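Heads up, the thing below is written out as structure tokens.
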């Protein structure tokens, strides 16, 4: 009998929307090009034109790219396919270029602000609208930061549309970034109030408990300044520990914080780049606790100094504060923190530097009800959890031994539980007696 | 000091080594011809898919072995001399042992299909197979997978991740139907097709055809259909890899024959993992071959204890397993689809065909759980089965078993209402947990 030749239907699932993705990429690149041109005096021609062609086109391009990426990807589920092959996410040429670009952007932002004189102009209309003063490099930065969180947040939500924890969490970081870290501080300026961030606390926002800042807030007209001073003190000493007791540090680090917000959205494609070795954990503990110690000493010195009215160590403390601002505030949190996303993952600052994360971490480890539980003996040691832990925790080393994961650095993003192909991990708040099983 | 030699560095061999080290300071040597360092075999697929790299699927960093004084040898064992108590490696080195552990795993089944050795035809078991697959699937416009088990669907997912169209031949009338109950099995059929795969149930491979260069060009099914393809994945199960023991006095059947202590007939020689065939204690009973990650680990632990003088019987306990079929997770506890006398099944399936809960019970109590797309706690399910809890008790407390992430929809009330409809005389109300005081089993 001669075999029957059969025709197989072509599957729509393999349509690879290359055209849409390329169009999106082209638009995004055009936007990027206009953004670079906006650093020249060309913006004088028409700042609004430049806004539309840089930020507008760039955002549109990114959204069109994601549309192409997910259009035929109709079945929701964990999709980390090909991440290890891509130039951008595997420290290829694209990744390095992005790292160099981001790093130079931050270096200019902190130390060569004059570079931004022209680039800030396209944002004038927005700045005038929100704050009634012209834009500057910090407004430009804030606006781009928020935009990145929103657009990459949309991507994060589509990517994880099967996981309600991720959807709600991503909405939360977008909400706090847009509202509390961008709109409210701007509008406060419009109302002649201090541009206060209600979502950042000492010691991440290290000057919020400095005597000078509290003094300035108390003296600002109206009751709002006093409330801000009260807020800053109360959040750090009462609300942070209480919330961390109930939910672990995740309520802040991966739900509210702006640094975390950018890491969880823009940084999501880079989470596997964090180092998981035991050695890196060792460095992590030394460095992050040193930063915490340094900021505690600095704050104490400032208070002692203000009490003694600057008689002792006045100049030393001033220099100390400046050096901290330069090295930690700008160099570590900014330049390395975001600049190294495409090389070391998105949580470099949160993992190695952030003193607030250090405090919350200690609370999480010692007193919190939070833990990640392991489901019996179901672990197959595949390594998805460890690979996709942005904090560099070797989750597998706990899971394969049936142990709960209790680590001060865990920000509770929930990705380990999501990528686990055997349903072994779960983020839980529970009684302290069952914390270590 | 006693010399322990372990042949094979999969999960069974490595677990043996690790537990011996935990309990003693014996000299431990692990020999593998596949790779120097232990890696997670179940994660091979993720390398091909670009989800992880080889370094990511190694559960221990490389310094771990030296620190724990476990010698690793990347070599092929040519011969075992049980008289002189030594193993001979392909490089000519002889190693003496006091205790020997055979943990050689399994190999892909080939059932003598015509053309099964052509270029482009392969199974998937080892790192070498993965490299081969990388080569074999370059520029392929269609792949055929033969055999509807777990490796088959993994291979299908791998190929799909590279946009290679897949034809999937399954001998059974429904995917994995000898393990999965029919409803769940049909759910997976649907899901495979939803992924655009050409699933052919009740279809077997008859012949593989090659072009002039000896490379596969098509296959012919038992329905005499010819399907053009440049790659054929043979995934019709695995069987114990015991070629090494052919000319030794170690007793073998389908696998290495061992008793309940995982000892072979030769004193001082043990066996663990996929290669083991456990003799039935009862005459006329069935010998068991267990080829799961979890059983490999349990075997390893038992062998280690026996080698260290803590006589321990291997007891599997309440059965459990899990897998992931493309995007649908699967967990099972206890006896599901065993067709036990007097068994009743309570089954609920979501209308999206992505979630289901099955509770199997008899008049004496619950005996099994089967979950698709939903995670349940192993400890809770096991305890209920062990304690022979009634189905009414289990349904009332079902929320305690749920292990899904926070904010996920819980479906426990749906299955309770099915039970209530079927048994109008019993009105079961589901206990919901209060968030602060929730108990953990």
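Of note:
- Largest GNM mean-square fluctuation across A:36, A:217, A:57, computed for chain A with C-alpha springs under 10 Å, falls on A:36.
- For the segment A:381-390, counting C-beta atoms of other chains within 10 Å of every residue's C-beta and taking the mean gives 6.
- Whether the range B:1-114 is rounded, prolate or oblate, judged on the alpha carbon gyration tensor where a/c under 1.5 counts as rounded: oblate
- Cα shape, the range A:218-281, gyration tensor, a/c 1.5 rule: prolate
- Where the Cα pairs of the range A:352-437 fall when distances are cut into 5 Å bins, in %: 3, 17, 27, 25, 18, 9, 2, 0
- For the range B:282-339, the spread of Cα coordinates along the three principal axes comes to 44, 29, 16 Å, biggest extent given first.
- Helix-only CD estimate at 222 nm, as mean residue ellipticity for the protein assembly as shown, using -39500 (n - 2.57) per DSSP H run (n ≥ 4): -11000 deg cm²/dmol
- Calculated log₁₀ intensity ratio I(q)/I(0) where the Debye formula runs over C-alpha points of the range B:100-185, q = 0.11, 0.15, 0.19, 0.25 Å⁻¹: -0.36, -0.65, -0.98, -1.39
- Surface/4 of the Cα convex hull for the range B:310-360, nm²: 5.6
- All-pairs alpha carbon distance profile, chain A, 10 Å steps from 0, percent: 4, 18, 30, 25, 15, 5, 1, 1, 0, 0, 0
- Within the listed set A:341, A:110, A:307, the residue fluctuating most in the Gaussian network model of chain A (springs between alpha-carbon atoms under 10 angstrom) is A:307.
- DSSP beta bridges confined to the protein assembly as shown are antiparallel in about 60 percent of cases.
- Kirkwood estimate for chain B, i.e. one over the average of 1/r between Cα atoms, Å: 24.0
- From most to least packed by mean Cβ count within 10 Å, the peptides B:196-202, A:261-267, A:112-118 give A:261-267, B:196-202, A:112-118.
- Global geometry of the range A:40-87, whether rounded, prolate or oblate, following the gyration tensor of its Cα atoms and the 1.5 cut on a/c: prolate
- Per-residue average of Cβ from other chains inside 10 Å of B:52-60: 6
- DSSP bridge orientation in chain B - percent antiparallel, rounded to nearest 5: 55
- Between the C-alpha center of the range B:1-42 and that of the range A:284-337 there is a gap of 51 Å.
- Taking 1.567 mPa s as the viscosity and 4 °C as the temperature, the Stokes-Einstein diffusion coefficient of the protein assembly as shown based on its alpha-carbon Kirkwood radius rounds to 43 µm²/s.
- Of all DSSP beta bridges in the range B:158-223, antiparallel share, percent nearest 5: 60
- Shielding of peptide B:397-409 by partners, expressed as the average count of other chain Cβ atoms within 10 Å per residue Cβ, is 4.
Taken together, the values in this text are just the output of simple stated rules run on the coordinates, not laboratory data. Note that the coordinates shown come from a computational prediction; the quantities given were computed from them, not determined experimentally. Don't worry about glycine lacking a Cβ; one is built from the backbone with ideal geometry, like all the others, and counts go over all protein chains shown.
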